[in-house]
1. What area, in nm² and to one decimal, does the C-alpha convex hull of the range 13-94 cast on average over all directions?
2. List Thr249, Thr232 from most exposed to least, where exposure is judged by having the fewest other Cβ atoms within 10 Å.
3. What's the Cα-based Rg to Rh of the range 103-179, Rh via Kirkwood?
4. With viscosity set to 0.890 mPa s at 25 °C, what whole-number translational diffusion coefficient in µm²/s follows for the range 68-133 from Stokes-Einstein and a Kirkwood radius over Cα pairs?
5. Roughly how far apart, in whole Å, are the Cα centres of the range 205-251 and the range 69-131?
6. So which trypsin sites (Lys or Arg not before Pro) in the range 23-106 are both in a DSSP loop and have at most 11 other Cβ atoms within 10 Å of their Cβ?
7. For the chain, what size does the Cα cloud have along each of its three principal axes, sorted from largest down, in whole Å?
8. By counting other Cβ atoms within 10 Å of each Cβ, how are Met109, Met264 ranked from fewest to most?
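None of the figures in this text is laboratory data; all of them are computed from the coordinates on show. In this text the structure is predicted, and so the values were computed from the model without any measurement. A quick note on method: Cβ atoms are made from the backbone with ideal geometry, for glycine too, and the neighbour counts reach across all protein chains shown.
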Amino acid sequence: MNTAPEIHQITPSRIMETAMAFFASKTLLSAVKLGVFTTLSGKALSGEEIQAALKLHDRGVYDFLDALVALGFLNREGLLETARYSNAPDSDVFLDKNKPSYIGGFVEMANDRLYPFWGSLEEALLTGKPQNEIKHSGKSMFEALYATPERLKQFIDAMSGISIGNFTALARKFDFSPYSTLCDIGGAAGILSVEVAKQHPNMYCTSADLPAVEPIAKDYIASKGLSGRVNTVNIDFFTDEFPKADIITMGMILHDWDLPNKKMLIRKAYDALPEGGAFIAIEALIDDDRRKNAFGLLMSLNMLIEFGVAFDFTGSDFQEWTREAGFRRFEVIPLAGPSSAAVAYK
Ligand SMILES: C[S@@+](CC[C@H](N)C(=O)[O-])C[C@H]1O[C@@H](n2cnc3c(N)ncnc32)[C@H](O)[C@@H]1O
């Protein structure tokens, strides 16, 4: 059989695109970090004006800005010295720091933490050990991150950025009408509780997290005018039982831990729910055949980088672990992009 024509049809372009994807990734991360999109909020500026505002060196200005044009994150009229740059519509909504829709917190954390840590992926694959701050300090990730207010705030902002789209979708898609109370375990800034309370006047929500996080959550909830129906509670989910509620939610909590701790958290959720209550885990759930959700699989590698033993999982893994805890009915609700809500009913 002559296979030559097929061989000719094969090109290395997909390999090169992924191999060099970090060029594009780091260009966007740097643009957010340096404040390109915030500087261009609602206006068009010349390269020289952007250079002055961001204190950029002459050498890279036009390569940097035109690369952002070619990648679709900036618009441009004119060329080089006559050019005027402005934000593309999505950059303007999501990457301008002064807008409430800003999701750049996650991008900033990706720039400052994940980008350098992923440089040690081979070491993680060879040793199974985390490659983040804890590699040298021996402290747990949350201990290390929460030791300074700036890092704590950056991490919580990052979580808000990556999660808000999922929580808005959950508030829209899940039927909250049979329930009246919800407790979000590891609730960070309280985004999930706020989104549910905003869309469902029947719901009273509690955002439960470590004490260091509470002031940030209280501020956020008050800023949305929801302090009457969303409260905060301090909890250490290793030592404390969960507050009782009709619904227990966990956004990207289970994937942070090894299997025994995942099962411990599921059991505590089960104990806190009434008969008919719902346990909802929001994650970049991997498809059962582990072929399609590349983001979920890469997120699981990110958990190797962050924690070593932690891992992401499929809907059928969730069903197996929650059934073992006593849950009786299950469903998966697709949310934003590669994320889903895995739901187990008691
Ligand atoms: C990956 S973040 C997820 C935040 C949020 N649920 C979301 O989906 O965006 C994990 C959260 O778990 C909280 N957390 C970590 N260890 C905890 C503990 N022992 N007890 C309670 N919360 C904890 C962290 O403070 C953080 O807010």
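1. Over all viewing directions, the range 13-94 projects a mean Cα-hull area of 5.6 nm².
2. Final ranking by Cβ density, sparse to dense: Thr232, Thr249.
3. That ratio equals 1.12.
4. 169 µm²/s
5. If you average the Cα positions of each part, the centres end up 30 Å apart.
6. Passing sites in the range 23-106 are Lys43, Lys55.
7. 67, 66, 42
8. The order, fewest Cβ neighbours first, is Met264, Met109.
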